[in-house]
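Beneath this line is the structure, given in C-alpha cells, with notes to follow.
Just so you know, all these numbers are worked out from the coordinates, no wet-lab data involved. Source: prediction; values computed, not measured. Quick reminder, even Gly has a Cβ in these numbers, built from the backbone with ideal geometry, and neighbours come from all protein chains shown.
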Amino acid sequence: MAKRKKDSKADSETLSQVIVKGMQEKKATDIVVLDLRNVKNAVADFFVICSGNSDKQLDAISDGIDEEVYKTLKENPWHSEGKNNKEWMLLDYITVVAHIFRKDRRTAFALEKLWGDAEITEIED
C-alpha cells in the first residue's frame with residue numbers, strides 16, 4: 001500500500017473549504033465538516049460529508065468536488081472509491097476526505113457519531 005504523505009500543496013483547512021464549495025455547486029445537502037485535528041488516531045485532518053438524492057446527483061457532486069479542487073488547488077484525489085455502488089462515494093485527498101452519501105444510506109453509516117469527538121460544523125444549504 002502506498003504511503004500517505006501529509007505534505008500536500010494546499011493546507012487541509014483550505015482544501016476542506018474548496019471541497020464544500022464543490023459540493024454546494026452541485027446542490028449537495030446536509031453538508032458537515034468534521035475537524036479531526038484534535039482527535040487521537042484520526043486518519044485525516046478533516047472529513048467533509050454530504051448527501052445527494054440520486055445516483056446521478058452523487059456522480060455530479062463527486063465530479064464537482066474533483067473539478068473545484070483541481071481548478072483551485074491543482075490537486076487530484078489520492079484515492080477514490082464507491083463510484084460503482086452509488087451509496088457512499090469517497091474522495092481521499094490525504095489530509096481531507098470527502099464522503100458523499102445517498103441520502104437514504106447516510107444514517108446507516110453514521111460517520112458523525114463514529115467520530116463524535118470531532119468539532120462539527122454544519123454548512124447551511
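Express the relative contact order of the chain as a whole percentage, based on alpha carbon pairs under 8 Å and six or more residues apart in sequence. Before the final figure, lay out the partial values.
Values: 231 pairs, mean separation 40.6, N = 125.
Dividing the mean separation by the residue count of the chain yields 32 percent.
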> Taking the chain as a Gaussian network, where each spring joins two C-alpha atoms under 10 Å apart, which residue of GLY52, GLY82, GLY22 fluctuates the most?
Replying inline: GLY82
> Of the residues PHE101, PHE46, PHE109, which exhibits the maximal mean-square fluctuation in a Gaussian network model of the chain defined by a 10 Å Cα contact cut-off?
Replying inline: PHE109
> Excluding same-chain residues fewer than 8 positions from LYS103, which aspartates and glutamates have a Cα within less than 18 Å of its Cα?
Replying inline: GLU25, ASP30, ASP55, ASP59, ASP63, GLU81, GLU87, GLU112, GLU122, GLU124, ASP125
>> Residue by residue through the stretch 101-107, what is 3J(HN,Hα) from phi via Karplus (6.51 cos²θ - 1.76 cosθ + 1.60, θ = phi - 60°)? Round to whole Hz and write x for glycine and proline.
In response: 9, 6, 3, 6, 10, 4, 5
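Helix-only estimate, please: 222 nm mean residue ellipticity of the chain, summing -39500 (n - 2.57) across DSSP H runs of length 4 or more and dividing by its residues, to the nearest 500. Mind showing how you got there, number by number?
Details: 4 runs with 41 residues, N = 125.
About -9500 deg cm²/dmol.
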> Taking R0 as 22 Å, what's the FRET efficiency between ALA42 and ASN85 from their Cβ-Cβ distance, rounded to 0.05?
Replying inline: 0.30
> Over the stretch 6-71, what is the mean sequence separation of C-alpha contacts under 8 Å (at least six apart), divided by residue count, expressed as relative contact order in percent?
Replying inline: 40 percent
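Between ASP30 and LYS74, what FRET efficiency follows from the Cβ-Cβ distance if R0 is 22 Å, with the result rounded to 0.05? Write down the numbers at each step before the final one.
Working: r = 29 Å, r/R0 = 1.31.
The value I calculate is 0.15.
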> What are the residues whose amide H is under 5 Å from the amide H of LEU36, where those residues sit 5 or more places off or on another chain and H is modelled from the backbone?
Replying inline: PHE46, PHE47
>> Rounded, prolate or oblate, given the Cα gyration tensor of the stretch 56-96, with a/c below 1.5 counting as rounded?
In response: oblate
>> Pick from LYS86, LYS27, LYS40 the residue whose mean-square fluctuation is largest in a GNM of the chain, springs joining Cα atoms under 10 Å.
In response: LYS40
> Rg and Dmax of the stretch 3-84 over Cα atoms: what are they, in angstrom?
Replying inline: 12.8, 36
